[in-house]
Structure formats: structure tokens, C-alpha cells
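The values are calculated or read from the model by the stated rules, or taken from the named source; none is laboratory data. These numbers come from a predicted model, not from an experiment. Neighbour counts are summed over all protein chains in view; Cβ atoms, including those assigned to glycine, are modelled from backbone coordinates with ideal geometry. In case anyone asks, the SASA skips ligands and DNA or RNA and just uses the protein heavy atoms, side chains included. Shrake-Rupley method; radii C 1.70, N 1.55, O 1.52, S 1.80 Å.
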Amino acid sequence: QEVIDSSSSIDEDNQIMALSGTAASEVLPSSVDNSLLNAFPSIKYQGKQGSCVAFSTTYYQMTHMTALMKGWNTKNDGFTDKFSPKWTYNLTKYAGSGAATTFPAAFELLKNSGCVFWSDLPYNGNDETDYKSWPTDRNLWEKALNYKIDKMGYIDFSDGTETPIENEHDESLNTIKKMLANGYVLTFGTHVESWTYCLAGDERVCYMLSGSEGPHAMTIVGYSDDLTFDANLNGTIDPGEKGAFKIANSYEDEWISGGYVWLAYDALNKVPKIPSNPNIYRGIIT
């Protein structure tokens with residue numbers, strides 16, 4: 001039960017600020033949406049390659065965090081200010097195959113060797129064998145050293161129980177919310193093909209995990225304590241049916257709602273708080 005944060009050219013003071021968040025006497029905002037910030041790039045499609053970790057850590061997270069610190073506006077169609085998922089995927093995937101890479105491998109690369117922009121090393125999701133192409137230009141490796149993350153870490157929201165999240169204001173969510181409220185975006189792993197959805201008005205919300213199909217990495221860009229949904233269809237907003245994270249995916253902007261979807265706080269529990277829910281599951285995040 002962990003989500004992952006990284007810092008792109010973030011100094012020690014900023015990291016401490018983000019982890020400690022607002023003062024105890026302050027109240028967190030009821031909603032945050034960092035995808036609306038100029039620093040967050042547009043939704044892109046990973047295509048035929050298993051490069052979801054590279055998209056989440058490099059294209060979305062590293063682009064956003066670097067742009068946030070440097071004041072860049074990445075809301076454009078160009079690729080000169082967005083980091084290349086090809087760099088991370090091709091250099092960290094399992095040797096000899098097109099299989100997916102891992103978060104530790106991706107972050108170690110970004111910390112030790114840095115990264116180059118998409119325009120320096122274009123990503124081609126239509127070619128499922130493109131992972132065999134490695135950057136051999138020395139100038140690229142030298143350029144990458146200008147953009148390295150300072151540190152990374154995990155946020156553990158579990159408390160040793162099967163239901164650490166009691167409601168939308170549960171303190172176990174505060175560290176994640178504080179990071180988001182400070183402008184950060186976070187990455188996590190799940191099994192997206194096993195997500196079960198309900199509706200919150202016109203929005204789709206994943207409220208539970210029904211299996212272990214479709215290992216996938218995605219990006220948390222915001223949250224809303226006010227979002228409500230009736231997952232058990234009893235006409236009442238019950239415990240567990242309020243509050244969700246906003247998630248960015250790498251499945252094109254035609255997926256769900258412009259490439260985004262909501263993930264219920266209750267979906268992070270190993271056992272749901274939603275009453276009359278017959279499904280017992282192991283938690284949405286791996």
C-alpha cells in the first residue's frame with residue numbers, strides 16, 4: 001500500500017516542506033487538481049509498448065516537477081520541454097524483452113543519469129520493438145546530466161489494518177494530500193484491467209479491484225473530498241462512497257474522461273468500507 005514521489009531538481013528545504021505539508025492548525029483544501037497547472041503535460045499514449053512506468057515517472061512526473069520548479073508552461077504541442085519515456089523505458093526494461101520496467105529501476109536511472117527531452121529521443125509507441133533502440137550519442141548522455149532527480153521515496157498509508165481509511169478525512173490520507181496540495185504528482189502501480197467502476201454524475205470512479213489483471217503504472221494528479229458516488233446502488237451515500245483521487249493514464253485522451261479517471265479512497269483499503277459490498281479484495285495499489 002504505497003504511492004511513490006520523486007523530486008526533479010528539488011532541494012532539501014522543498015522536499016521537507018512537501019512531506020510535512022501545511023501546519024497542523026491549517027486545513028487542507030477539499031480538492032486539488034494539479035493537471036490544470038501549466039507544468040503538467042497533456043495526456044499521451046504509450047501505444048504497443050509496456051512503458052507505463054516510464055510514462056508515469058518520466059513523461060508525467062519528471063516533466064511536471066521540473067516545469068513546476070523552473071516555471072515552464074508545458075501546455076503546448078511541442079516536445080522540447082517534456083521528458084522522454086523512451087529514455088527511461090529502453091534503458092531500464094528487462095534485458096532481452098519488451099516487458100515492463102520497475103519503479104526502482106526508473107528512479108535510479110533518473111537520479112544517477114538524468115533524462116533527455118522527448119525531442120532529443122522521440123518515443124514511438126506504434127513500434128513494439130522500438131525498445132531495442134538505445135541512445136548512443138555522447139551528447140545526449142551529457143545533456144541528461146543537467147536534469148536529474150534529487151531523491152525519491154514511498155508514502156505508506158497503511159496502519160497495519162485491512163481498512164486504514166475510514167472516511168474522506170482520514171489522517172492516513174494526509175501525507176498524500178499534502179504532497180498534492182504542494183504541487184507534487186505521485187506515481188503508483190495497480191492492476192487496471194481489474195478495476196471496477198461506478199458513476200459520480202458524469203464521471204467514472206474506480207471503487208474496487210476485482211482481480212490481478214493488467215499490471216499498470218499511473219499518476220495521481222489531484223483529489224476531491226467532495227466527490228460522491230453510490231457504488232452499492234442503494235440510493236444512499238454510505239461510508240466509503242465519498243472522496244477520490246484524480247488519476248492520469250497513458251491510454252490516449254479518449255480513455256474514460258480525457259485520459260483521466262477517479263480512484264476512490266476506499267479502493268485503497270484491503271477490505272471495503274462500503275456496506276453491502278460482497279467483494280473482498282486486496283487493495284488497489286501494489
> Among the aspartates and glutamates, which have Cα under 13 Å from the Cα of Lys270 when same-chain residues fewer than 8 positions away are ignored?
Replying inline: Glu2, Asp159, Glu162, Glu166
> Around Lys48, with a cut-off of 12 angstrom between Cβ atoms, what is the net charge of the other residues, counting Lys and Arg +1 and Asp and Glu -1?
Replying inline: -3
> In what sequence, largest accessible area first, do Leu36, Leu173 appear using a 1.4 Å probe?
Replying inline: Leu36, Leu173
> How many lysine pairs does the stretch 101-187 hold where the Cα atoms are under 30 Å apart and the two sit 8 or more places apart or on different chains?
Replying inline: 14
>> Using amide H atoms built in the peptide plane, which far-off residues or other-chain residues are under 5 Å from Ser42 H to H?
In response: Asn76
> For the pair Glu162 and Trp141, how long in nm is the line joining their label points, each one 7 Å along Cα→Cβ?
Replying inline: 5.2
> Taking Lys273 as the anchor, which lysines have their alpha carbon closer than 19 Å to its alpha carbon, excluding any fewer than eight residues away along the same chain?
Replying inline: Lys242
> How far, in nm, would the chain grow between Asn112 and Lys132 when pulled straight, counting 0.36 nm per residue and subtracting the alpha carbon separation?
Replying inline: 5.1 nm
> Ranked by accessible surface with a 1.4 Å probe, highest first, in what order do Lys132, Lys270 come?
Replying inline: Lys132, Lys270
> Where a Cα-Cα gap under 14 Å defines reach, which aspartates and glutamates qualify for Lys82, not counting those fewer than 8 residues away within the same chain?
Replying inline: Asp120
> Which distance in nm do the two modelled labels at Thr80 and Leu199 give, with both placed 7 Å along the Cα-to-Cβ direction?
Replying inline: 4.5
